[in-house]
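S.K.: What follows is a structure written as C-alpha cells; I'll ask about it next.
The values are calculated or read from the model by the stated rules, or taken from the named source; none is laboratory data. Remember, it's a predicted structure, so these values are computed and weren't measured experimentally. Here the Cβ is made from the backbone with ideal geometry for all residues, glycine too, and neighbour counts use every protein chain on show.
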Amino acid sequence: MSPLPSSAEVDDRRAELLARLHDELGEAVEGTHELAGKDLWVRVRTDAWREAAEVAEGRLGMTYFCYLAGLDWMPSPFGKGEDDPTQPPPERSTEIVQGYAGGSTRFQVLARVHDVQRMVGLTLKTDVPDDTMAVPSWVPVYAGANWHEREAWEMFGISFVGHPDLRNLYLPTDFEGHPLRKDFPLLARIVKPWPGIVDVEPMPADLDGEGGDE
Amino acid sequence: MTLALAYWQESILRVLGVTVAVLLPAGTFVYVFLFKLMSFMQSRLGPMEAGPYGSMQLLAEVGKFLQKEDIFPEKADRALFRLAPYVVVASAFLVYVVVPFGPDALFADLDTGVFLVLALSSVSVLGVLMAGWASANKYSLMGGLRAAGQLIAYELPMVLAVVGVVIQAETLNMQQIVLTQNDGEIFGWGGLGNPFVLTQFVGFVVFLVATQAELTQPPFDMPVAESELVTGYMTEYSGLRFLLFFIGEFATAGAFAAIAATLFLGGWGIPFFPSDADWMNLVGPLVLFSKIMFVALLIFWFRFTYPRLREDQLQQFAWKYLIPIALANIVVTGILKVAF
Amino acid sequence: MSVIDRRELSALAARAADARVNVELETEGMTLNIGPQHPATHGTLRIIVRLDGEQVVWAEPVCGYMHRGYEKLVEVRSYPQVNTLINRIDWLGSFANEVPFILACEQLMEIEAPPRAQYIRTILFELSRISNVSLGLGDAALQLGAQTAAFYAFRDREYVLNLVEAATGGRFHPNFDRIGGLKDDLPKGWIDETKVAMRKVRDYCDEIETLVFGNEIFEARTRGIGVIPREVALQYGLSGANLRGSGVDWDLRRDQKLPMAWDKCDWKVWTHPDGDSFSRLWVRLKETYEATLIVDQLCESLPSGPVMAKVPRIIKVPEGEAWISTENPLGEMGYYVVSKGDTGPFRVKIRSASFNNISVVPWVLRGVYVPDVITILASLYFILGDIDR
C-alpha cells in the first residue's frame with residue numbers, strides 16, 4: 001500500500017488528469033475548475049458524455065463509480081418556503097447562474113469517479129439540452145450508474161439514452177411531475193404554511209467574530 | 001401393590017395419565033428451556049411477571065391463544081387447514097402409548113413397540129405438509145415442502161440408529177429393552193446395568209442429531225426459518241390452532257426425548273436398584289422424567305447456539321454422513337453381537 | 001426523440017415491469033416478494049425474486065418505501081436545521097452522518113475546527129461505527145439462525161450508546177456537530193468510561209469471533225456465497241467493508257487528507273481477497289475491533305483547547321460547491337453541497353453508501369438459493385434510511 005500522497009502530489013495528479021482529458025477529448029471539454037488541494041471539476045459537451053466516461057474508466061484508471069446526480073440551477077420561485085400565503089409573493093430573481101465549470105442550460109448532470117489506487121477523484125458535469133432533456137447513459141461503462149440515472153430521471157426528468165430500463169426508482173409508477181425541480185413545490189409548505197410567519201422572533205444581531213458558545 | 005380397577009376406571013386413569021405424560025414434559029420444557037434457559041444464555045431474564053419467576057407464563061399464553069379469533073386465509077383449504085394441527089398433536093400423544101414408565105406402569109405392552117414408535121413419528125410429516133399446502137401462502141408452501149424433504153430424509157438415520165439398540169437387546173418390546181438395560185451386564189460387571197448409551201454411543205449421537213432434525217429445531221430449522229419464511233408452514237395459524245402446533249412441537253420433543261431415554265439411557269430404571277419392586281411404579285416415572293429433561297437439555301442447548309444449515313447442506317449431511325455412520329454402527333454391532 | 005415520446009415509452013416500460021412482477025403463480029417458476037414487511041430486511045425493502053424451485057433466476061429490489069425526500073427538504077432549511085435532518089439518514093451510526101456535511105460547509109467557509117474538536121469528532125465517529133457495525137454482526141448471525149449472537153450485540157452496544165448519550169444528549173440522534181466545531185465539550189469522567197467500554201467491546205468482538213465466525217455451520221453458510229469480484233464492486237460503487245471484502249485496499253480515513261484525527265493514531269486497514277459473504281462480515285468484525293483501538297489512542301492524546309471556532313451567529317456559507325465524503329460505518333457517505341451565499345444550501349446531493357451497495361443486488365442474486373439471499377443481504381449490510389434518504 002502506497003503512503004498517502006501529499007497535497008501537492010495530489011494536485012500534480014489532478015493537473016495530469018486534466019491534461020490527459022484535454023488530450024483525449026479535445027474540443028469536448030467545455031469548462032474546468034480546479035480548487036487547489038480540494039477537487040477538480042470538468043464540464044464536457046453533452047454528446048461526449050459517454051465518451052468522457054469511457055476515457056475516465058478505460059484510460060485514466062478511474063474505475064470507481066461514486067455517484068451521478070442532476071442539478072437544477074433555476075432559483076426556486078418559492079424561495080425558502082417561508083412565504084406568507086395571505087400576501088402576494090415577493091419579487092425574486094429568476095436568473096439562472098451555473099456553478100463551477102460554467103454551463104449554459106438550466107439542468108446539468110453531475111457525476112463523480114475516483115481512482116482508488118492513485119487516490120484522486122474527478123467530478124464531471126455536462127449540460128442537459130433544454131429541448132430534448134436527453135443525455136447519453138453511462139450504464140454501458142459503469143454498471144452502477146443504472147440506479148443513479150433512474151433517480152435523476154424521476155427527480156429531474158432527464159432521460160438517459162441507452163439506459164436499459166429507465167423508470168421510477170423511489171416514486172410510484174404513475175407519479176406526475178419531477179420533484180427535485182425547483183418549480184415543483186415542496187408540498188409540505190403548501191399544505192401548511194411555514195409556522196414562522198406568525199411566530200417570528202427577531203433574528204439575533206449578526207455580529208461577525210462573535211464566538212458561538214451555544 | 002396392584003389395584004383392581006373396573007375397566008372404565010382404568011380407562012379414565014389411562015386418559016388422564018397420558019394427558020399428564022404428554023403435557024407435563026411439554027409445559028416444563030417450554031418454561032425451563034424456552035423461557036429461562038434461552039433467556040439466561042442470551043443475558044436476559046425472560047418472563048418474570050406471570051407468577052413467581054414467570055412460572056405461570058405458559059398458562060397465561062394458553063389463555064391468550066384460546067381467546068383469539070378463529071381466522072382462515074381466504075383461499076385456504078378449510079378441511080385440511082383445520083385438520084393439520086390435530087394430526088401433529090395426535091402423533092405425539094400416540095408415541096407415549098408404548099413408553100414404559102415403571103415395571104407395571106405402562107399403557108400398552110406391545111411386542112413391536114419400537115416399530116410402532118418409529119412409524120408414528122412419521123405421521124407428523126403429514127400434518128406439516130397439510131398445513132403448508134392448505135395455507136394458500138407461498139411462504140407456507142415452501143416451508144411445507146422443505147419440511148417434507150427434511151423430515152423424510154432424517155427418518156432414516158433415526159431408524160438405523162435404533163436398529164443397533166434392537167440388535168443388542170434382541171427385542172422390539174420397549175419394556176424388555178428397559179429391563180435388558182437394567183439387568184444386563186457389560187463384559188461381566190452388572191453394577192451399572194447395560195445402558196445402551198455406553199455401547200451404542202454412536203447410535204445415541206446419530207439419534208439425537210436426527211431428533212433435532214425431526215423436531216425442525218435449529219440447526220435444522222429451514223422449514224420454520226424465521227428470518228426467511230416467518231415460521232414457514234405455521235404462518236397462517238393463530239389462536240387455538242397455533243397453540244396446538246406449539247404444544248405439539250414441545251410434546252413431540254418430549255416424546256422423542258422419552259424414546260431416547262428409554263432406548264439408550266435405561267428408561268425408568270436406576271442402577272443398583274431392583275427393577276421389579278412395586279415402589280418402582282411410583283419412582284419410575286420420576287426417574288424417566290429426569291432423564292427426559294437431560295436429553296431435552298441437550299436438544300435445546302444446540303438449538304439456541306447454532307445457526308441454521310441451508311436445505312441442500314442439510315440433506316447432504318443426512319444422506320452423506322449420518323446414514324453411512326448409522327449403517328457402519330449396525331455392522332459393527334452385529335459383528336460384536338455375534339462374536340461375544 | 002422528443003420528450004413526450006420518451007415519457008410514454010418509460011411509462012409503458014414501467015407498466016410492463018409492474019405487470020411482470022404482479023403475476024402470482026406462473027408455470028415456470030414462482031414470483032416471491034421478500035418484504036416490505038419481513039424479519040430479514042432491515043427495514044422496508046422489498047425484493048421481488050423469481051424462483052425456479054429454490055434458485056433465484058431474477059431479482060429486483062424495490063426501494064422507496066421510506067423515501068423522505070431529504071434532497072428537497074434541505075432546500076428550505078438553514079444549515080443547522082439540515083444537520084438535524086441528516087442525522088436520520090443512517091440512524092444506527094448517526095453522528096457519522098453529520099460529519100461529511102459539516103466538513104463540506106467548513107470547506108466552503110474556509111474555516112477549520114480547533115484540534116480538540118477534530119479529535120472528539122473522530123472519537124464520536126468511531127463510536128458510531130462501533131455501535132452500527134456491532135449490531136450488523138449480531139444481526140447477520142440472527143439472519144442465519146443463531147439468535148443468541150443478536151442479544152449479545154444489543155447488550156454490548158448499550159455501553160457505547162450510553163457513552164454517546166453522556167456526551168451528546170442523544171443515543172441515536174446526537175445532532176452534536178456544528179459548523180466550526182462541536183456543541184459542547186465532553187463531560188467529566190467520560191474518557192475513563194470510554195476506556196472501560198472499549199475493553200468490553202473488544203471482549204464482544206472476541207466472543208462473536210468464536211461463537212459465530214468459528215462455527216462450522218456459519219462458515220458453510222457464508223463461504224463462497226455471493227462472490228463479488230473486485231471489478232464489479234468498483235463499477236457499482238460498493239464501498240466500505242463490501243469493497244474491502246473484495247480485496248480493494250481503499251479506506252477514506254487513510255487515503256485522503258481531512259481535518260479529522262485519523263492520521264494522528266496508528267491503525268490498520270483490513271481487507272480480504274475472497275469477495276464472498278464471509279469476507280465482508282469478517283472485515284466488519286476486524287474494523288470494529290480496530291475502531292476501539294483508534295478510540296483508545298485518541299482518548300490518550302486528546303489535546304486541550306476550545307471546541308468551537310469563531311463563527312458568526314447566523315451562518316451564511318459563501319457561494320461555491322464542495323464535495324466531502326468519509327468512511328462511514330456503512331461505506332462511503334458524501335455530500336455535494338451547492339451554496340449560493342444564503343443561510344441555507346441551494347442543493348445538497350446526498351451520496352449514501354447503501355444506495356450503491358444495494359444496487360448490486362440484481363447482479364449478485366442471480367442463481368443463488370433463497371436462503372442465500374438472506375445471507376447476502378445480511379453481509380452487504382444496509383440501512384433503509386440510507387438507501388431511501
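Residues checked against (1) over 16 Å from C:Thr222 (Cα atoms); (2) over 17 Å from the mean Cα position of the chain (by Cα); (3) surrounded by fewer than 21 Cβ atoms within 10 Å (Cβ to Cβ); (4) modelled with pLDDT of 90 or more:
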site	(1), (2), (3), (4)
C:Gly245	no, no, no, yes
C:Leu252	yes, no, no, no
C:Lys257	yes, yes, yes, no
C:Ala261	yes, yes, no, no
C:Asp266	yes, yes, yes, no
C:Asp274	no, yes, yes, no
C:Leu285	no, no, no, yes
C:Thr292	yes, yes, no, yes
C:Asp296	yes, yes, yes, yes
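S.K.: Sticking with this structure for a sec: Can you tell me which of (1) assigned to a loop (DSSP other than H, G, I, E, B); (2) at pLDDT 80 or above is the one B:Ala92 doesn't meet?
M.R.: (1)
S.K.: Inside the stretch B:214-233, can you point out the residues that are modelled with pLDDT under 75, charged (D, E, K, R) and part of a loop (DSSP other than H, G, I, E, B)?
M.R.: Passing the criteria: none in range.
S.K.: Among the residues of the stretch C:159-178, is any touching a residue at least 24 places away in the same chain (Cβ under 8 Å), of a type in the set (Asp, Glu) and surrounded by fewer than 24 Cβ atoms within 10 Å (Cβ to Cβ)?
M.R.: No, the conditions are met nowhere in the stretch C:159-178.
S.K.: Something else about it: Inside the stretch C:77-100, can you point out the residues that are at pLDDT below 90, crowded, with 24+ Cβ neighbours inside 10 Å and charged (D, E, K, R)?
M.R.: Answer for the stretch C:77-100, where residues must be at pLDDT below 90, crowded, with 24+ Cβ neighbours inside 10 Å and charged (D, E, K, R): just C:Asp90.
S.K.: Something else: Determine whether A:Arg150 is basic (Lys, Arg), buried (at least 22 other Cβ atoms within 10 Å of the Cβ) and outside any loop (DSSP other than H, G, I, E, B).
M.R.: Considered against the rule, which asks whether it is basic (Lys, Arg), buried (at least 22 other Cβ atoms within 10 Å of the Cβ) and outside any loop (DSSP other than H, G, I, E, B), A:Arg150 comes out as no.
S.K.: Here are the criteria: (1) at pLDDT 90 or above; (2) within 30 Å of C:Ile225 (Cβ to Cβ). Tell me which single one C:Ala167 does not satisfy.
M.R.: So the condition that C:Ala167 fails would be (2).
S.K.: All but one of (1) among the aliphatic types (A, V, I, L, M); (2) surrounded by fewer than 17 Cβ atoms within 10 Å (Cβ to Cβ); (3) not in a loop (DSSP other than H, G, I, E, B) hold for B:Ala277; state the number of the condition that does not hold.
M.R.: Among (1) among the aliphatic types (A, V, I, L, M); (2) surrounded by fewer than 17 Cβ atoms within 10 Å (Cβ to Cβ); (3) not in a loop (DSSP other than H, G, I, E, B), B:Ala277 violates only (3).
S.K.: Can you pull out every residue in the stretch A:146-173 that is under 17 Å from C:Tyr70 (Cβ atoms), in contact (Cβ under 8 Å) with a residue 60 or more places away in the chain and hydrophobic (A, V, I, L, M, F, W, C)?
M.R.: A:Ala152, A:Met155, A:Phe156
S.K.: Same structure, new question: How many of the residues in the stretch B:61-80 are outside any helix (DSSP H, G or I) and under 12 Å from B:Val30 (Cβ atoms)?
M.R.: Qualifying residue count for the region: 0.
S.K.: Now, a different point. So which residues in the stretch A:29-40 are within 19 Å of the chain's Cα centre (by Cα) and over 16 Å from A:Thr105 (Cβ atoms), if there are any at all?
M.R.: Selection gives A:Val29, A:Thr32, A:His33, A:Glu34, A:Leu35, A:Lys38, A:Asp39, A:Leu40.
S.K.: Residue check: is B:Gly284 on the phi > 0 side of the Ramachandran plot, buried (at least 20 other Cβ atoms within 10 Å of the Cβ) and at pLDDT below 85?
M.R.: no
S.K.: Follow-up. Mind counting the residues in the stretch A:99-124 that are of a type in the set (Phe, Trp, Tyr) and part of a strand (DSSP E or B)?
M.R.: 1
S.K.: Let me ask another. Working carefully through the options C:Ile350, C:Ile376, find the one that is under 25 Å from C:Glu75 (Cβ atoms) and either of a type in the set (Gly, Ala, Ser) or in contact (Cβ under 8 Å) with a residue 24 or more places away in the chain (or both).
M.R.: Matching residue, one of C:Ile350, C:Ile376: C:Ile350.
S.K.: Which one of the conditions (1) aromatic (Phe, Trp, Tyr); (2) touching a strand residue (DSSP E or B) at 6+ places or on another chain (Cβ under 8 Å); (3) under 25 Å from A:Leu35 (Cα atoms) does C:Tyr70 fail to meet, given that it meets all the rest?
M.R.: For C:Tyr70, the failing item is (3).
S.K.: Looking at B:Val20, is it surrounded by 19 or more Cβ atoms within 10 Å (Cβ to Cβ) and assigned to a helix (DSSP H, G or I)?
M.R.: Judged against the criteria, B:Val20 is not a match.
S.K.: Take the stretch C:188-216 and flag every residue that is without any contact (Cβ under 8 Å) to a residue 12 or more places away in the chain, within 12 Å of chain B (Cβ to nearest Cβ) and either of a type in the set (Asp, Glu) or surrounded by 15 or more Cβ atoms within 10 Å (Cβ to Cβ) (or both).
M.R.: C:Glu216
S.K.: What are the residues in the stretch A:63-121 that are more than 8 Å from chain C (Cβ to nearest Cβ), within 20 Å of C:Pro345 (Cα to Cα) and buried (at least 22 other Cβ atoms within 10 Å of the Cβ), if any?
M.R.: A:Leu68, A:Gly70, A:Ala101, A:Phe107, A:Gln108, A:Val109, A:Ala111, listed by residue number.
S.K.: For the stretch A:30-62, how many residues are surrounded by 19 or more Cβ atoms within 10 Å (Cβ to Cβ) and assigned to a strand (DSSP E or B)?
M.R.: Of the residues in that region, 7 qualify.
S.K.: List the helices (runs of 4 or more DSSP H) that sit entirely inside the stretch B:105-208 and contain at least 1 residues that are modelled with pLDDT of 80 or more.
M.R.: Of the helices (runs of 4 or more DSSP H) lying wholly inside the stretch B:105-208, those with at least 1 residues that are modelled with pLDDT of 80 or more span B:113-121, B:123-134, B:138-169, B:174-183.
S.K.: Do any helices (runs of 4 or more DSSP H) lying entirely in the stretch C:166-253 carry at least 1 residues that are over 27 Å from C:Ile102 (Cα atoms), and which ones are they?
M.R.: In the stretch C:166-253, the matching helices (runs of 4 or more DSSP H) lie at C:190-208, C:216-222, C:230-236.
S.K.: Further, regarding this structure: Please verify whether C:Leu103 is more than 30 Å from B:Phe302 (Cα to Cα) and away from chain B (no Cβ under 14 Å), treating the condition exactly as stated.
M.R.: For C:Leu103, the condition - more than 30 Å from B:Phe302 (Cα to Cα) and away from chain B (no Cβ under 14 Å) - is met.
S.K.: How about the stretch A:122-161: which of its residues are more than 9 Å from chain C (Cβ to nearest Cβ), under 18 Å from C:Tyr236 (Cβ atoms) and not hydrophobic (A, V, I, L, M, F, W, C)?
M.R.: A:Ser137, A:Pro140, A:Glu149, A:Arg150
S.K.: Still on this structure: Being more than 25 Å from B:Leu240 (Cα to Cα) and either in a helix (DSSP H, G or I) or within 25 Å of the chain's Cα centre (by Cα) (or both) is the filter here; which residues of the stretch B:43-60 pass it?
M.R.: Hits for the stretch B:43-60 are B:Pro52, B:Tyr53.
S.K.: Do the conditions hold for C:Gln147, that is, is it surrounded by fewer than 23 Cβ atoms within 10 Å (Cβ to Cβ) and of a type in the set (S, T, N, Q)?
M.R.: yes
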